Each structure stands twice: as C-alpha cells, then as structure tokens.
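Report on the following structure.
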Amino acid sequence: MAGLLAPSANLNCVCLVDDDDSMRESLEFVLTKAGFEVHSFSSPYEFLDNFSGEDFGCLVLDLKMPGMTGLELAETLKQRGINRPFLMLTGYATVSTAVHAMRSGACDFIEKPVEHTRLIECVQNAIHQGRSDRSAESARMRIDLPENLLTLRERQIMSLVVDGFLSKQIANQLGISIKTVDVHRSNSMKKLGVTTVAQLMKKVISPIP
C-alpha cells in the first residue's frame, strides 16, 4: 500500500485497487510519473479499512479480485453516498463484462496488459468528468455553515474545504499559514460534530429549493 488516503480533498488523487502486486506497482509508477497522487491498495477490503471518507479524483479498480470485485467495491461506495468516477481493469475482457461495467457507472473499461498512454488519458478524462459533475452538483446545492457555532474565519475556511481546496491552497488564498488553516479546520470539525469531509458535506450541504 502506498499510504493512507490523505486527510484533505484532492481531486488529482487516484486510488488504485488491484490484487496483482506487480501490476499494481507498475500502474502506480506510471500514474505517479504522469503527475497524479496515487494511493494503491491490494484489495477492496484494504481500501475500505484505510479509506477515511475524504475526497479523491477517481478510482482505478481491477474487476476480478478475491472476496469482492471492483464493481462491488464501487457499489459499496455508492451506497455510502460516495459517488466518484471509476475505471475498470481486467485481463478477462468479454463484451458482456464490458457492457455490465459501463452500465454500472464505469467511465471506461481497460483491458490488461494496460497500454500506459490509454490509462493516463482515461484517468484524466475520469477526473475531468468528476470535476464537471461536482461543479454541476455544487450549483444545485446550498452550503449552510451555522454562524452561531463558527467564527467568520472558520466559515471561510470550511466553505473552501467543502469546495475541495487543500489546506495549502486555502492558506495561500486567505494569506495565512497552513498550520492556522489546520487548527481552524480541526476546531470547526469538532464544533460541527464531524470527522471527515464526507460527513461535513452531508451535514452542511442541502439542495437549493
């Protein structure tokens, strides 16, 4: 495993789940070299155990894995209210499995051995789609950060967190230190009774009537 999913929203982050060690390491190298932040996991269960509910750009999932398939993992996340674009990888491609994957919401279906240029292009497209979907969703949502609980600065920071900005980006935008951002963010999360960005968004975002 390359490491736990970072505690900040990062739409350039790719979560790679594949039980084939050599394939996973190869794909991680390719995607990292292409400029993506990659977190790799050897099974859906390892991913779920280490996933903190934070944001990421897209998932790259092996279709056939012991215990839980890539499609089942995607469905599990969807049931938890986490809808992120995902790509399916498989060494056993058939027309029926490809159709099933696409109908289940996969952005694309990539056969092994993976052609690196195609993988990078598919990941870029998936992340772009995720950003477009997020923007469209944000336009239909209202952020309600309670004034009686949070200070003006805390509301500024948490609004940017909900919009997907990293602590460093928030610090640069507001002209304060990253440590100050993190302190305000931590205090705000405690006041709101949440521990993850996913929980935060469920609590403070509501549809515009």
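The values are calculated or read from the model by the stated rules, or taken from the named source; none is laboratory data. Not measured: the values here are computed from a predicted model. Here the Cβ is made from the backbone with ideal geometry for all residues, glycine too, and neighbour counts use every protein chain on show.
Considering L152, L174, the condition of being surrounded by 13 or more Cβ atoms within 10 Å (Cβ to Cβ) and either over 22 Å from N83 (Cα atoms) or modelled with pLDDT of 85 or more (or both) is satisfied by L174 alone. Within the bounds of the range 202-209, is there any residue that is hydrophobic (A, V, I, L, M, F, W, C), crowded, with 18+ Cβ neighbours inside 10 Å and either more than 24 Å from C13 (Cα to Cα) or at pLDDT below 80 (or both)? Scanning the range 202-209 turns up at least one residue that is hydrophobic (A, V, I, L, M, F, W, C), crowded, with 18+ Cβ neighbours inside 10 Å and either more than 24 Å from C13 (Cα to Cα) or at pLDDT below 80 (or both).
If the condition is being over 18 Å from P146 (Cβ atoms), without any contact (Cβ under 8 Å) to a residue 24 or more places away in the chain and not in a helix (DSSP H, G or I), then the range 158-209 contributes G175, I176, S177, P209.
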